[in-house]
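Comments concern the structure below.
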Amino acid sequence: MKLAKLSLGLATLALGVATAASSYHITIPSDTWAGDTQLKAGDYKVTVEGSQATFKQGKQTVQVPVDMEQSKSKFADTTLESSGNKLQAIDLGGTTTKIVIKAGKSGAAATQ
C-alpha cells in the first residue's frame with residue numbers, strides 16, 4: 001500500500017515537471033524585433049509554454065508566437081539568429097532545442 005502511494009506521488013511530480021513551462025535567460029545585444037514587437041537591448045527571461053514565448057525584462061512582458069525545433073546535436077552556446085534587426089530564432093546552448101519566432105503578429109505587450 002505504501003509503495004502504491006509512493007509511486008502515485010512520484011508519477012504526479014513527474015507529470016507536473018513535464019508540463020511546466022520551460023524558461024531560459026538570454027541577452028539581446030541591441031534593439032531588435034520579435035514578431036511585431038520591438039525588444040530593447042538587455043537581459044531577458046524567456047518562458048515557453050505551448051506555442052507562445054514570453055520575453056520578460058523587469059516589469060515588461062511581451063508574448064510572441066513560436067515553434068520549438070530539435071537539432072540532431074547539442075548547441076555549444078546560446079545564440080540569437082536574426083536577419084537585420086529581426087529576431088528569427090534562439091539556439092539554446094547545452095540543449096538540442098531551437099526556439100523559432102513565427103512571422104506575423106506577436107502577442108500583446110504588457111507592463112505589470
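Observations on the structure shown:
- Model label zone, Lys40; criterion: amide N under 20 Å from point 7 Å along Cα-to-beta-carbon; scope region 50-85: 54-64, 85
- Table column - 3J(HN,Hα) (Hz), region 71-81, Karplus curve with 6.51, -1.76, 1.60, x for Gly and Pro: 8, 6, 10, 6, 7, 5, 9, 7, 10, 9, 9
- Beta bridges per DSSP with both ends in region 26-88, % antiparallel, nearest 5: 95
Since every read-out is calculated from the coordinates, none of them should be taken as a lab result. A quick note: this is a predicted structure, and the numbers were derived from the prediction, not measured. Cβ coordinates were reconstructed from backbone atoms using ideal geometry, including for glycine residues, and neighbour counts include every protein chain displayed.
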